[in-house]
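Input: a single structure, listed below in structure tokens.
The values are calculated or read from the model by the stated rules, or taken from the named source; none is laboratory data. A quick note: this is a predicted structure, and the numbers were derived from the prediction, not measured. Cβ placement follows ideal geometry from the backbone for every residue including glycine, while neighbour counts extend to all protein chains displayed. We work out accessible area using only protein heavy atoms, side chains counted, and drop any ligands, DNA or RNA first. Shrake-Rupley method; radii C 1.70, N 1.55, O 1.52, S 1.80 Å.
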Amino acid sequence: MMKKGLAAFLAALLGFAVIVGIATFLLRREYHAPYRAPAAVTQETPRAQGIADEKAEVEKRDKEKPYQEVEYRQFPKIGSRVAVWIAAQLHLLFAAFVLAVPLFALAIEFIGYRTKDRRYDRLAHEFTKLLSVSFSLTATFGAMLTFGLIILYPKFITYLVSVFSPTFLPYVGLFFFEAFFLYTYYYGWGKFSPRVHLALGLGLNVVGTGIMLIANAWLTFMTSPAGISEKGALISTWDAVRNYTWMPINVHRIIANVAFGGSVAAAYAAFKFLGAKTDEERAHYDWMGYIGNFVAICAFLPLPFAGYYLAKEIYAYSQTLGLTMMGGAFSWLFIIQAVLIGNLFLAANYYLWLGMGRISGAEQFQKYIKYLLILVATCFAVWATPRSIISTVSEVRAMGGSAHPALQFLGVMSAKNTAVNILILTTFLSFLLYRRSGKTPTVSWAKAGNRAQLAIFLVAATIVISLGILGYFVEARVRIGFSIPQVLSVLFTMVSVTVIDVFLYRNATKTGEVRWGQIAPISQYVLIFIAVTFTWLMGLMGYVRSGLRQHWHVYGVIRDTSVDAFTPTLGFATRIVSVCVLLFFLLISFVFWLASLTGKKDWEPRPEKAAETERPGLEPVGAAE
Amino acid sequence: MKVPVSLRIAALAVATTGFYTYVGQLVPQKEVHPPAEVAISKDMKPDEMAKVGREIMEGKGLCFTCHTIGKKGPLRFPDLEGVDIRAKSRVPGFSDVDYFAQSIYQPSAFIVPGFNPGMPVINKPPIGLTDDEILAVIAYLQTLGGKTTVTMQTKLPYQAGGNGQAAAGTVAPPPAGPTGGPAATTAAAPAPQNAGKKPETPQNPNPSPPQ
């Protein structure tokens, strides 16, 4: 117990030291105006007279001082932008978690209700345990963000209020109802009939989603303003809400939140698994980690398509914004994104392959893993290939330009779209093999079903690759259109193959049981790695969504004239993202620790202390009465 | 010595974020500042105008975010090499200056065949070039395959206060739009921006550029 406590303390200390280190590193690079001593002045009046005159002058100036509206205020040391950035990021991460967990907790509870399997109910309850403290932290960071904006960016916030004031009251109302539903859902577990409890969960989800939709309107308006005149005056609040990027962000965020929430819940299970004392505990948390990761990956697979939709609407609103994002200041950011997503795919597949080890009868599929790994690694490499390469003058001369003569063909969207679609298909295939492990279909059409699935996979892969190759030989506007059939063929494959598989393996004979808890411990570190990577990815993509406006608070309407009216380097942005991620994990560890306290025995004095208190001379006052 | 689990988890979190931060330092590092204003005077000569026009296109105008000069292959936006030659014959009845002016003030009026609409109205925010800056840009565009004829005194029908009347040193009002686009009018008001109301059916609000 002592050891665990010490280790937790050391871990917290290490995390804190790293954050302080990064913050110090950032501050060292802050620009400081050089100090210049005031020029010597000849004393012409007696000192006392001079002081009195100065005081009178100050008083006079104070009296005559006119009221001036402040445009900006500076946050000490780190500056306003970084202060608001950190508050917003932490608020968003906790909000995403609080919105996502009820979504799949409700789904799991519903499965438990339908199947009468109590394990699902227990699992859903365990997920929900993480919510109440996270909800408080979300509200705390939300308040910090709001006050930060009001204090540091008063003029800009006044403008946003002028456009969105009608949405504030509904927002506050929904927030109240979210608190009501959340606490009733959590504390009412097992206290109501299942249907009433499920209805409470549904209410929580509806209200939570409503809150997100309103907040999304504010931030998307800043990127793609609508419903206002050319001078920025409000014409229609509803049009301002449903601006070009509102719906794509809504879709993208709901899916991404579920992926993020699932991964963090899986990390919690991994944390509990690694500290488990009994096989039963290990089995439970292995299963919980699997479900959390399953939720995360299911949401993660369609996420790139939601990303396409968002990017399409950004281009539709303004080609300049779209090109700034993909071809201008932020183009290298997408290489970093490729590294992150590549790692996510690799880790997700690795976890599934490790998971096959706990299923007897999975051996028949393990021979395919090496081929899947080659595919994943190849697609990852293509996706992370930059169009131009950072090189020295002599290297540029040798290559005949800043682009590599051969690799440049992998750095274009035709190759990258193909790679990401194949990556998704491969991960889906890994999942399918995992799902089939230890089962044999009994339906009469099993062979035909397998063939149909294989054919669908092959046709989809052929479409994706052929269009990818064809993209090199057609006009840009035709090439851009190719991504739609590529995406649709992959989506069709995932849906149709899953449907066939569900019927194919209905009443299948089990050739081996899943031995929950008997998985290599490294798999649990993989789950934690996935959660950290997801969180970092959210931070990075949040930065590009916001940074896209560059020197505009509201694009084309309210210009940023503060000292921060420039886009920082990607290196700087990634350092801030890392600080946010480490802070988040420090805080979520606290949430995990609090959640693990429930169900523990009440505190009791140690036996020797108890004996001491029983000695007649130390009896508490009143004990003899 | 066995390392405690919580310490391992913390080390993994720190190492993972450290790795991604490191990747972030490997890519090119560039701060992007708001474009600087370029000094323009009414007595600039054509070659000075062209020089200033090039600077505006590289900076405040954001022209080279999309356009290229001398690039071949399947492009997303028209390449501007030799654009002045094409501008003289692109629209019947239009001089090169007429065509450039229309493309900048009313980019939806004519879409170059083979390209999607995509060019924003340049004299409105977020780019917001002034009339004088646009004249300088036209001066530079004329050097790409031709000779600068536009001057700082040239009146364009789209300019604030422009009445669309052709006169000495004034560009004639453009005739009806040639490719199914709205007729190019003599009105001073430029095409509406998409910063207003979102249409019922999403349309591309930023039409395409000149070639």
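Across segment B:59-80, what is the number of residues that are away from chain A (no Cβ under 12 Å) and surrounded by 17 or more Cβ atoms within 10 Å (Cβ to Cβ)?
1
I'm trying to understand the selection: among the residues of segment B:19-41, which are open to solvent by less than 40 Å² (accessible area, probe 1.4 Å), out of contact with any Lys or Arg (no Cβ under 9 Å at 6 or more places or on another chain) and not hydrophobic (A, V, I, L, M, F, W, C)?
Within segment B:19-41, just B:TYR20 meets the criteria.
From B:VAL52, B:VAL121, grab the single residue that is touching a residue at least 60 places away in the same chain (Cβ under 8 Å), under 20 Å from B:THR151 (Cβ atoms) and either facing chain A (nearest Cβ under 10 Å) or not polar (S, T, N, Q) (or both).
Within the list B:VAL52, B:VAL121, the selection yields B:VAL52.
Inside segment B:98-141, can you point out the residues that are within 22 Å of A:TYR315 (Cβ to Cβ) and not in a loop (DSSP other than H, G, I, E, B)?
Scanning segment B:98-141 gives B:SER103, B:ILE104.
Does segment B:65-80 include one or more residues that are of a type in the set (Asp, Glu) and touching a Phe, Trp or Tyr at 6+ places or on another chain (Cβ under 6 Å)?
The answer is no; no qualifying residue exists.
Run down A:VAL544, A:VAL557, A:VAL502, A:VAL526 and say which single residue is more than 9 Å from chain B (Cβ to nearest Cβ) and open to solvent by 20 Å² or more (accessible area, probe 1.4 Å).
A:VAL502
Sort out which residues of segment A:324-339 are facing chain B (nearest Cβ under 7 Å), open to solvent by less than 20 Å² (accessible area, probe 1.4 Å) and at pLDDT below 90, and write them in order of number.
A:THR324
Which pairs turn up if I take residues in segment A:213-241 that are crowded, with 19+ Cβ neighbours inside 10 Å and look for partners that are acidic (Asp, Glu) and in a helix (DSSP H, G or I) with beta carbon separation below 9 Å, at least 6 apart in sequence or on another chain?
Pairs found: A:SER224/A:GLU313; A:ALA226/A:ASP239; A:GLY227/A:ASP239; A:ILE228/A:ASP239.
Within the set of pairs 6 or more residues apart or between chains, which connect a residue that is within 14 Å of chain B (Cβ to nearest Cβ) inside segment A:452-475 to a residue that is of a type in the set (Lys, Arg) with Cβ atoms less than 6 Å apart?
Close Cβ pairs (under 6 Å, with a partner that is of a type in the set (Lys, Arg)) amount to A:GLY471/A:ARG479.
Can B:ALA172 be described as surrounded by fewer than 16 Cβ atoms within 10 Å (Cβ to Cβ), more than 10 Å from chain A (Cβ to nearest Cβ), modelled with pLDDT under 85 and within 25 Å of B:MET49 (Cβ to Cβ)?
Answer is no for this residue.
What is the one condition in (1) touching a Gly at 6+ places or on another chain (Cβ under 8 Å); (2) surrounded by fewer than 22 Cβ atoms within 10 Å (Cβ to Cβ) that A:CYS580 does not satisfy?
(2)
Filter segment A:561-570 down to residues that are out of contact with any Asp or Glu (no Cβ under 8 Å at 6 or more places or on another chain) and in contact (Cβ under 8 Å) with a residue 40 or more places away in the chain and give me whichever is least open to solvent (accessible area, probe 1.4 Å).
Applying the filter and picking the extreme gives A:LEU570.
All but one of (1) farther than 21 Å from A:ALA338 by Cα; (2) in a helix (DSSP H, G or I); (3) open to solvent by 30 Å² or more (accessible area, probe 1.4 Å) hold for A:LEU432; which doesn't?
Exception for A:LEU432: condition (3).
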